[in-house]
Amino acid sequence: MKIALVGHGKMGRAIAALAEARGHAVVAAIDGEENRDGRGLTLDRLAGADVVFEFTTPEAAVDNLLTLARLGQRVVTGTTGWQHRLDDVRAVVIAHGGALLHSPNFSVGVQLFLRAARDLARHLAGRPEFEGYVVESHHAAKKDAPSGTALALTRALAAGDPDRVMPVTSIREGFDPGTHVAVFDAQFETIRLEHQARSRQVFAAGAVMAGEWLDGRTGVFTFDQMLFPEAP
């Protein structure tokens with residue numbers, strides 16, 4: 001598989017290293033300086049890539065994704081903070097016969113964690129003695145807060161218990177690649193459901209897996225749909 005990288009920061013480099021280790025070829029790496037407003041994304045520059053990995057910033061993502069969609073590309077994106085424009089991007093992807101797989105988090109463990117959170121919330125529904133909240137922490141350079149994964153976590157919890165409000169506290173300090181905790185606290189006991197990423201490599205591995213799955217497909221998908229195609 002030939003891949004192109006849009007965004008060549010830490011995640012882009014991690015994806016490139018893992019993809020090459022799995023026998024794929026990196027044919028293009030396009031960074032922000034040459035790609036203002038998505039103008040650096042052309043068929044020539046993408047060099048015949050089978051799958052494009054877009055890991056940039058919330059400010060750049062929509063222009064990038066719309067441009068790639070108009071070119072009919074297959075794209076894996078882990079950029080967060082742009083999902084309010086998902087319907088716009090989806091329409092262009094479908095109109096031009098491309099593909100998009102998007103997720104705020106490409107950790108397989110996180111997808112299992114979200115399902116466990118939904119189930120836990122369902123079992124705690126109707127038990128007001130347990131007060132709930134979410135805490136998420138990331139490295140100081142992460143721009144969006146709450147994180148896309150924290151928002152996915154609150155949606156999963158709401159799916160289990162629509163009547164419970166789960167406020168989110170975000171921490172942006174240090175070097176943490178990502179920790180998310182759902183807490184249910186009662187007077188004499190506490191339930192904590194936690195996922196902690198120890199390395200950015202876990203996200204890169206999931207993204208490469210997603211790219212391999214997306215190759216040859218058309219349409220718009222999530223990482224969760226890829227992992228659990230038969231699940232509700």
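The values are calculated or read from the model by the stated rules, or taken from the named source; none is laboratory data. Please read these numbers as outputs of a predicted model, since none were measured by experiment. Here the Cβ positions follow ideal geometry from the backbone for every residue, glycine too, while neighbour counts run over all protein chains shown. The protein model used for the area step is the full one, side chains on, heavy atoms only, and it has no ligands, DNA or RNA in it. Shrake-Rupley method; radii C 1.70, N 1.55, O 1.52, S 1.80 Å.
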Discussion item. Just the residues that are of a type in the set (Gly, Ala, Ser) and either modelled with pLDDT under 95 or farther than 26 Å from Ala25 by Cα (or both), please, taken from segment 49-61.
Written reply: Ala60, Ala61
Discussion item. Taking the conditions exactly as written (under 20 Å from Ala145 (Cα atoms) and not in a loop (DSSP other than H, G, I, E, B)), does Val202 satisfy them or not?
Written reply: no
Worksheet, complete the sentence: Checked against (1) more than 24 Å from Arg13 (Cα to Cα); (2) open to solvent by less than 70 Å² (accessible area, probe 1.4 Å), Pro229 satisfies every condition except (2)
Discussion item. Checking His96 against (1) closer than 30 Å to Ala28 by Cβ; (2) surrounded by fewer than 17 Cβ atoms within 10 Å (Cβ to Cβ); (3) within 16 Å of the chain's Cα centre (by Cα), only one condition comes out false. Which one?
Written reply: (3)
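Which is among the aromatic types (Phe, Trp, Tyr), out of contact with any helix residue (DSSP H, G or I) (no Cβ under 8 Å at 6 or more places or on another chain) and either more than 30 Å from Gly48 (Cβ to Cβ) or open to solvent by 30 Å² or more (accessible area, probe 1.4 Å) (or both), of Phe184, Phe221, Phe130, Phe175?
Among Phe184, Phe221, Phe130, Phe175, only Phe175 is among the aromatic types (Phe, Trp, Tyr), out of contact with any helix residue (DSSP H, G or I) (no Cβ under 8 Å at 6 or more places or on another chain) and either more than 30 Å from Gly48 (Cβ to Cβ) or open to solvent by 30 Å² or more (accessible area, probe 1.4 Å) (or both).
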Discussion item. Looking at the structure I just gave you, is His123 at pLDDT below 95, outside any loop (DSSP other than H, G, I, E, B) and over 20 Å from Asp176 (Cα atoms)?
Written reply: no
Worksheet item: If the Cβ limit is 7 Å and pairs must be 6+ apart or interchain, which residue in segment 36-57 that is under 17 Å from Glu212 (Cα atoms) and among the acidic types (Asp, Glu) pairs with which residue that is assigned to a strand (DSSP E or B) and open to solvent by 30 Å² or more (accessible area, probe 1.4 Å)?
Response: Asp50/Lys2; Asp50/Arg74
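Sort through Leu112, Leu66, Leu151, Leu101 and tell me the only one that's within 30 Å of Glu34 (Cβ to Cβ) and surrounded by fewer than 23 Cβ atoms within 10 Å (Cβ to Cβ). Can you show your working first?
Details: Leu112 fails: within 30 Å of Glu34 (Cβ to Cβ); Leu151 fails: within 30 Å of Glu34 (Cβ to Cβ); Leu101 fails: surrounded by fewer than 23 Cβ atoms within 10 Å (Cβ to Cβ).
Residue meeting the stated conditions: Leu66.
Take segment 128-177 and flag every residue that is among the charged types (D, E, K, R) and touching a strand residue (DSSP E or B) at 6+ places or on another chain (Cβ under 7 Å). Explain how you work it out, then say what you get.
Kept after step one, since they are among the charged types (D, E, K, R), are these residues of segment 128-177: 129, 131, 136, 142-144, 155, 161, 163-164, 172-173, 176.
Scanning segment 128-177 gives Glu131, Glu136, Lys142, Arg164, Arg172, Asp176.
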Discussion item. Suppose we keep only residues that are out of contact with any Asp or Glu (no Cβ under 8 Å at 6 or more places or on another chain) and more than 15 Å from Val75 (Cβ to Cβ) within segment 49-60. Which one would you say is most open to solvent (accessible area, probe 1.4 Å)?
Written reply: Glu59
Worksheet entry | Given (1) in contact with a Pro (Cβ under 6 Å, 6 or more places away or on another chain); (2) surrounded by fewer than 19 Cβ atoms within 10 Å (Cβ to Cβ); (3) in a loop (DSSP other than H, G, I, E, B), index of the condition Thr80 fails | (2)
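Which residues, counting only those in segment 99-131, are on the phi > 0 side of the Ramachandran plot and of a type in the set (D, E, K, R)? Break it down stepwise before answering.
Here is the first cut: in segment 99-131, the ones on the phi > 0 side of the Ramachandran plot are 126.
Of everything in segment 99-131, nothing turns out to be on the phi > 0 side of the Ramachandran plot and of a type in the set (D, E, K, R).
Does Ala16 fit the bill of being crowded, with 19+ Cβ neighbours inside 10 Å and in a helix (DSSP H, G or I)? Reasoning before the result, please.
Working: crowded, with 19+ Cβ neighbours inside 10 Å: yes; in a helix (DSSP H, G or I): yes.
Taking the combined requirement at face value, the residue satisfies it.
With the requirement that a residue be within 12 Å of the chain's Cα centre (by Cα), within 21 Å of Ala28 (Cβ to Cβ) and of a type in the set (Gly, Ala, Ser), what does segment 62-90 give you? Spell out the reasoning first.
Just the residues of segment 62-90 that are within 12 Å of the chain's Cα centre (by Cα), to begin with: 76-83.
Subsequent filtering for residues that are within 21 Å of Ala28 (Cβ to Cβ) retains 76-79.
Gly78, the sole residue that qualifies.
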Worksheet, complete the sentence: Apart from one, (1) small (Gly, Ala, Ser); (2) over 16 Å from the mean Cα position of the chain (by Cα); (3) closer than 21 Å to Gly32 by Cα all hold for Ala125; the odd one out is (3)
